[in-house]
Amino acid sequence: MANIIITGASSGIGFEAVLDLTANKENKVIALARSADKLRKLHEIASSLNHDGGTLYPAQFDIVFDNYPESLVPFIQSRFDKVDILINNAGALINKPFMETSLEDVSQMFQSNFLGHVQMIQHIVPLMKESGHIVNISSMGGFQGSSKFPGLSAYSASKGALAILTECLAEELKDKNIKVNCLALGSSQTEMFEAAFPGAQAGTLAFEMGKYIAEFAQNGHKYYNGKILPVANTTP
């Protein structure tokens with residue numbers, strides 16, 4: 001059994017990962033997203049697919065702007081005695097040539113793809129038990145040495161920052177026996193992929209990637225710590 005928190009749960013691979021995580025009747029999952037309507041849809045689908053599955057607690061929460069101590073932390077503590085797994089999946093994308101990218105655009109990318117996760121980790125780690133696992137969802141765009149694409153500089157830089165944070169936190173949290181890993185995802189057929197590469201066909205379906213993330217979150221800490229793992233079969 002695992003108590004799991006996942007952000008960015010209302011669409012794409014986050015949505016699919018929740019469905020897979022809740023297929024295990026012993027799991028309890030807090031699914032966070034900004035859209036209450038999409039969370040209701042997630043809950044309806046999860047309930048219809050997994051009649052005997054785990055327990056799902058959807059909660060509307062903005063990881064950048066909402067209040068952690070007064071809102072999120074009490075919500076978690078009222079449902080979990082401890083947190084086993086945190087999946088930092090929430091993110092956003094701006095596709096714009098670098099010379100047309102404003103400082104506000106760059107700030108938005110770092111808030112959504114980096115600083116929001118910093119806040120989440122700082123508030124969740126005190127609630128985690130030893131042998132916990134933090135999984136940061138990055139991108140091949142933020143993976144050093146990978147192919148890069150015009151228009152995605154701010155996005156890729158923010159995802160690269162999340163990857164480096166992973167390596168740092170793996171060292172800092174060793175005394176708590178909390179493992180921290182990063183999955184640098186390649187192309188997966190989601191709304192975000194379509195915004196980045198209009199008209200392109202991804203090499204992996206969203207439900208396939210969601211299933212992989214769910215499995216890794218539950219078992220990857222047995223084999224990895226502080227690793228940035230590329231998960232891609234095509235470029236883009």
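The values are calculated or read from the model by the stated rules, or taken from the named source; none is laboratory data. Keep in mind that this is a model prediction, so the values were computed, not measured. When we count neighbours, we look across all protein chains shown, and the Cβ atoms used for this are built from the backbone with ideal geometry, even at glycine. These area figures cover heavy atoms from the full protein model, side chains too; ligands, DNA and RNA do not enter into them. Shrake-Rupley method; radii C 1.70, N 1.55, O 1.52, S 1.80 Å.
Couple of notes before you dig in:
- Full extension of the chain between Leu49 and Gln144 yields a length gain of 30.3 nm, computed as 0.36 nm times the residue separation minus the alpha carbon distance.
- Cleavage-rule hits (trypsin sites (Lys or Arg not before Pro)) in region 96-170: DSSP loop, at most 14 neighbouring Cβ within 10 angstrom: Lys148
- In the context of the full set of protein chains, the chain has a per residue accessible area of 48 Å² (1.4 Å probe).
- Helix 153-172 and the long axis of the chain differ in direction by around 40°, with both axes built from C-alpha atoms.
- Between helix 12-21 and the chain: long-axis angle, C-alpha atoms, 0 to 90°, nearest 10: 20 degrees
- Computed from the C-beta positions of Ala36 and His123 and an R0 of 22 Å, the FRET efficiency is 0.55 to the nearest 0.05.
- Taking a straight line from the alpha carbon of Lys28, these aspartates and glutamates sit under 13 Å away, with near neighbours fewer than eight places off in the same chain left out: Asp20, Asp52, Asp81, Asp84.
- Considering only Ser131, Ser158, Ser11, the mean-square fluctuation computed in a Gaussian network model of the chain, springs between alpha carbons under 10 angstrom, is largest for Ser131.
- With coordinates expressed along the principal axes, the C-alpha atoms belonging to region 118-215 extend over 46, 27, 22 Å, beginning with the largest.
- Straight Cα distances below 12 angstrom link Lys227 to the aspartates and glutamates Glu167, Glu171, with same-chain residues fewer than 8 positions distant left out.
- Every helix of 4 or more DSSP H residues in the chain counts as -39500 (n - 2.57), and over all residues that averages to -11000 deg cm²/dmol at 222 nm.
- Taking only protein heavy atoms and a 1.4 Å probe, the accessible area of the chain is 51% carbon and sulfur.
- Loop sites here are chymotrypsin sites (Phe, Trp or Tyr not before Pro) outside DSSP states H, G, I, E and B with no more than 15 other Cβ atoms within 10 Å. The longest part of the chain free of them is 66-222.
- Under 5 Å, built H, 5+ apart or other chain: amide partners of Phe61: Ala33, Arg34
- For the pair Lys176 and Asp62, a Förster radius of 22 Å applied to the C-beta separation gives a FRET efficiency near 0.20, rounded to the nearest 0.05.
- Loop-resident sites, region 1-43, for trypsin sites (Lys or Arg not before Pro), counting at most 16 other Cβ within 10 Å (DSSP): Lys25
- With viscosity 1.306 mPa s and temperature 10 °C, the Kirkwood radius over alpha carbon pairs of region 7-137 converts through Stokes-Einstein to a diffusion coefficient of 102 µm²/s.
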